[in-house]
Amino acid sequence: MKRTARAFTRCAVALAALAAAACAATTSLADNYPTKPIRFILPQPAGGAVDLIARAVGERLAEQMGEPVVVENMPGANGSLAAEQVARAAPDGYTLFFAVDSNLVVNPHLYRSLSYDPFRDFAPISIVARLNMVLVANPKLEADSVRDLIALAKAHPGKLNYASIGLGTSSHMGMEMFKLMTGTDITLVSYRGTAQAMTDVVAGVVEMMFTGPPSAMAMAQAGQLKLLAYTASERSPLIPQVPTMAEAGVPGFDLASWFGLLAPAKTPQPILDRLAGEVHKAAEDPRFGKRIVAQGLTVIGSTPAAMLQTMQADTRKWGDLVKSTGIKLED
């Protein structure tokens with residue numbers, strides 16, 4: 001009996017030592033990270049919102065962590081090329097996915113097969129920033145408010161057109177949600193980028209679209225666009241004269257793109273926690289906030305848990321919309 005007790009004691013001591021060693025190892029892992037440059041893989045070309053945010057937060061992380069952050073633009077296949085690159089990377093915290101929300105919460109509903117699984121292949125780190133949109137229209141459109149637009153669209157079903165800068169993007173899904181909530185029929189016209197889409201709205205080739213506040217504000221000041229509504233619960237400080245969608249007559253309408261950082265699945269938790277903490281610190285830096293807010297964006301800097309909850313909620317939201325509208329894309 002005494003031998004058994006002594007053996008049990010030795011076993012318990014050994015297990016405690018192993019646990020302590022493992023804890024020390026993980027702590028050391030986070031303390032020593034990073035020791036080389038970190039790569040941000042982006043699903044869009046240079047010059048867009050995600051590129052601006054990634055470079056701005058990358059500068060702060062490089063300063064805070066003492067290693068360079070390299071931004072690599074990898075557009076193509078509606079985000080799949082960038083997502084695949086990160087999903088297959090070593091889970092060591094050195095290759096990260098700087099994603100647009102549609103890559104994670106819309107694409108799985110639009111494609112019959114996808115080369116990555118947003119929940120299985122990635123570990124969320126932080127939602128860095130959010131962009132609410134503005135519904136803009138050609139100045140000659142016979143509608144000076146959202147209520148006018150709804151009435152006009154119902155009087156002429158299928159006759160009005162809207163511009164989308166990519167299937168599955170906020171400009172596309174947002175208008176499909178608007179149509180569903182208002183019972184209107186407005187025709188989709190697809191574009192490859194914001195510049196050409198905005199040009200055609202100004203020219204009257206298409207009547208309307210959802211876009212970001214800065215470009216909309218500049219064109220409205222020049223008399224080239226009407227600003228009908230802002231898609232957040234509160235008015236934008238950049239365009240305080242523009243009503244929210246709820247104020248304009250469509251309660252419950254909330255449309256925003258968000259931009260977040262993820263790591264490959266199985267990345268050690270201490271590294272994820274370290275990255276999330278550094279992103280939060282960067283989000284509180286006034287230099288970062290100034291650059292982001294000037295573009296009509298809202299700084300977030302969320303926790304990994306909060307990002308996961310948002311991914312889950314938005315996956316349900318857009319999944320319900322796709323089912324209700326019958327939107328489907330070929331692979």
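One table, with the values for the structure above:
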quantity: Full-extension gain in nm, Glu284 to Arg55, via 0.36 nm per residue minus C-alpha separation; calculated: 80.9 nm
quantity: Estimated [θ] at 222 nm from DSSP helical runs (n ≥ 4, -39500 (n - 2.57)) normalised by residues in the chain, nearest 500; calculated: -14500 deg cm²/dmol
quantity: Simple spin-label estimate for Ala46 and Thr187 in nanometres, 7 Å along Cα-Cβ; calculated: 3.8
quantity: Candidates Ala263, Ala54, Ala195, ranked by Gaussian network fluctuation over the chain, Cα under 10 Å, top entry; calculated: Ala195
quantity: Amide H contacts under 5 Å for Ser126, placed H, 5+ residues apart; calculated: Leu261
quantity: Extreme residue, positive dipole direction of the chain, given options Gly193, Pro240, Pro34 (C-beta unit charges); calculated: Pro34
quantity: Neighbour-count order for Ile271, Ile292, Ile125, fewest beta carbons within 10 angstrom listed first; calculated: Ile271, Ile292, Ile125
quantity: Inter-probe distance in nm under a simple model that places probes 7 Å from Cα toward Cβ, at Leu180 and His156; calculated: 2.7
quantity: Ranked by how many other beta carbons lie within 10 Å on average, peptides 87-99, 315-327 from highest; calculated: 87-99, 315-327
quantity: DSSP-defined beta bridges in the chain - what % are antiparallel, rounded to 5; calculated: 60
quantity: 3J(HN,Hα) from dihedral phi, segment 121-128, Karplus parametrisation 6.51/-1.76/1.60, rounded to Hz, x for glycine, proline; calculated: 9, 9, 10, x, 10, 6, 7, 7
quantity: Residue among Phe253, Met177, Pro268 farthest towards the positive dipole end of segment 174-331, charges placed on Cβ; calculated: Pro268
quantity: Lysines whose Cα lies under 22 Å from that of Lys323, excluding same-chain neighbours fewer than 8 positions away; calculated: Lys179
quantity: Simple label model, 7 Å out from Cα along Cβ direction - Val205 to Asp320, nm; calculated: 3.6
quantity: Max mean-square fluctuation residue, GNM over the chain, Cα-Cα springs under 10 Å, options Gly289, Gly193, Gly260; calculated: Gly193
quantity: Rg over Rh [alpha-carbon atoms, Kirkwood Rh] for the chain; calculated: 1.09
quantity: Förster radius 25 Å - calculated FRET efficiency between Gln269 and Thr35, Cβ distance, rounded to 0.05; calculated: 0.85
quantity: Lys, Arg +1 and Asp, Glu -1 on Cβ, resulting dipole of segment 236-331 about Cα centre, debye, nearest 20; calculated: 180
quantity: Only Lys, Arg (+1) and Asp, Glu (-1) charged, at Cβ; segment 128-282 dipole about Cα centre in debye; calculated: 260
quantity: Fewest-first sequence of Lys281, Lys159 by Cβ atoms within 10 Å of each Cβ; calculated: Lys159, Lys281
quantity: Binned Cα-Cα distances of segment 134-230, short to long, each 10 Å bin given as a whole percent; calculated: 18, 57, 25, 0
quantity: Residue among Pro43, Met133, Ala163 farthest towards the positive dipole end of the chain, charges placed on Cβ; calculated: Pro43
quantity: Size of electric dipole in the chain: Cβ of Lys, Arg +1 and of Asp, Glu -1, about Cα centre, debye, nearest 20; calculated: 1040
quantity: Taking Met65, Met175 and counting other C-beta atoms within 10 Å, the order from fewest to most; calculated: Met65, Met175
quantity: Principal semi-axes in Å for segment 228-331 [√(5λ), Cα gyration tensor, largest first]; calculated: 28, 24, 11
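Where a number appears in this text, it was derived from the coordinates with a stated rule and is not lab data. Small disclaimer: the values here were computed from a predicted structure and weren't measured. Counting neighbours? That spans all protein chains shown, and the Cβs are built from the backbone with ideal geometry, glycine included.
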